[in-house]
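Just so you know, all these numbers are worked out from the coordinates, no wet-lab data involved. Computed from a prediction, not measured in an experiment: that's the story for all the values here. Note that each Cβ is placed from the backbone with ideal geometry, even for glycine, and that neighbours are counted across all protein chains shown.
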Amino acid sequence: ELALVRAAMNLGAKSTPKMFDKRLIPDFKIDKANATAGVRSGEITLEQYDMLLPHMPEWMKPMFAVCMATGVRKKEARFIKLDQLNIERRKITLKALETKSKKERIIGIPTEMNIWAMVEAWARQTRAQYPACLYLFNITGKQITKKQLDDGFTRVCLAAGLATERTDANGEIVRNRQ
């Protein structure tokens, strides 16, 4: 948060130089070890992938497989449209406005672990059942929301035994979202 405050103050100094004294911008002296302490890390192993897949709803399987195999972020995957899938070349083009880096990326979909077959079958099924659907990864022809994805993945992790419900001091299940 402190880095954001400093960035905002620097931006203010640039946009109104005569009204803003840059000497007033604090130097927070944040050491790198503490700055990254809250960053999530880790990856899903192949063993965990195999444990999760049977518990997933059908709409989640191809999206999860693509993200796991290619490093595509879940937010990027939610926005992939059917016309970004090149079936002949087995590639997906991620548009610049939809990536974290704001740069277009072309992602090859591996044939290992049945991933390409899963994606191709899902795309064909979507086109047949929901001709007006724009999105590759969807639920009944509609774009997957962040909440649907987060809640769905939480349920899958619980069902696979890879997570436990968080409870408060009274033993009540803690819910993050309404």
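Could you tell me which of rounded, prolate or oblate describes region 61-103, using a ≥ b ≥ c as the square roots of the eigenvalues of the alpha-carbon gyration tensor, with rounded for a/c under 1.5 and, failing that, prolate when a/b is larger than b/c and oblate otherwise?
Numbers: a/c = 1.73, a/b = 1.11, b/c = 1.56.
Oblate.
By how many nm would the segment from Gln48 to Ala169 lengthen if fully extended, with 0.36 nm per residue of separation less the alpha-carbon distance?
Working: separation 121, 0.36 × 121 = 43.56 nm, distance 2.99 nm.
Fully extending the segment from Gln48 to Ala169 adds 40.6 nm.
May I ask for the percentage of alpha-carbon pairs in region 35-160 that lie more than 18 Å from each other?
On the way: 4229 of 7875 pairs.
Here the tail beyond 18 Å accounts for 54 percent of pairs.
With no solvent and one equal point scatterer per Cα, compute the Debye intensity ratio I(q)/I(0) for region 110-178 at 0.12, 0.17 Å⁻¹ and report its log10, rounded to two decimals.
With no solvent term, the Cα-only Debye profile gives -0.51, -0.81.
In nm, to one decimal, how far is the modelled label at Asp83 from the one at Ala117, with both set 7 Å along Cα→Cβ?
Those two pseudo-labels are separated by 3.1 nm.
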